[in-house]
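To keep things clear, I will list the structure first and then write my remarks on it.
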Amino acid sequence: MKRLLQAPNLALATLWADQLSAAGFAARVMRAYASGIAGEIPPDQALPEVWLVDDSRHAEARALFDRWMHPPERRWACTGCGEIVEGPFEQCWNCGAAAPGPGTSAV
């Protein structure tokens, strides 16, 4: 097993491990309850961590996680109302219309 990352809290560590598992990576949360002894050990040693069972897939899992944390920015004009939508959104915030598919020109 190899550590992939340290999470700021147990909820995020569990969510990230579940997402990785759903993507085909066997992941486990370690130090899930170490926050209870945070005063006895350094605070950074009490944070939960996400570990991969298969060490050989570490780089692949890290790349996938980085894509999740930094989605591509987009700018597109809504075909329903003409509103300009910026960011990684797949729906218009104004009218709820779906973003144009790949291959269509952005604004």
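The values are calculated or read from the model by the stated rules, or taken from the named source; none is laboratory data. Remember, it's a predicted structure, so these values are computed and weren't measured experimentally. Here the Cβ is made from the backbone with ideal geometry for all residues, glycine too, and neighbour counts use every protein chain on show.
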* Hey, does the range 12-21 have a residue that's modelled with pLDDT of 95 or more and either assigned to a loop (DSSP other than H, G, I, E, B) or of a type in the set (D, E, K, R) (or both)? -> yes
* Of the residues ALA61, ALA97, which is closer than 30 Å to LEU5 by Cβ and surrounded by 13 or more Cβ atoms within 10 Å (Cβ to Cβ)? -> ALA61
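ARG3 - would you say it is assigned to a strand (DSSP E or B), at pLDDT 90 or above and among the basic types (Lys, Arg)? Talk me through it step by step, then tell me what you get.
Values: assigned to a strand (DSSP E or B): yes; at pLDDT 90 or above: yes; among the basic types (Lys, Arg): yes.
When the stated conditions are applied, ARG3 passes them.
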* Asked: When both residues are 6+ apart or on different chains and their Cβ atoms are under 7 Å apart, which pairs have a first residue that lies in the range 57-86 and is more than 21 Å from LEU12 (Cα to Cα), and a second that is β-branched (Val, Ile, Thr) and surrounded by 13 or more Cβ atoms within 10 Å (Cβ to Cβ)?
  -> TRP76/VAL85; CYS78/VAL85
* Any chance you could count how many residues in the range 34-56 are more than 16 Å from LEU4 (Cα to Cα) and free of Cβ contacts under 8 Å to residues at least 12 places away in the same chain? => 8
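Which residue is surrounded by the most Cβ atoms within 10 Å (Cβ to Cβ), if the candidates are limited to the range 64-94 and must be of a type in the set (A, V, I, L, M) and out of contact with any strand residue (DSSP E or B) (no Cβ under 9 Å at 6 or more places or on another chain)?
So in the range 64-94, the residues of a type in the set (A, V, I, L, M) come out as 64, 69, 77, 84-85.
If we keep only those that are out of contact with any strand residue (DSSP E or B) (no Cβ under 9 Å at 6 or more places or on another chain) too, we end up with 64, 69.
Details: LEU64: 16, MET69: 9.
Looking at the filtered set, the residue picked out is LEU64.
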* Residue check, PRO88 within 15 Å of the chain's Cα centre (by Cα), outside any strand (DSSP E or B) and in the same structural domain as PRO100 (by TED's automatic domain parsing) -> yes
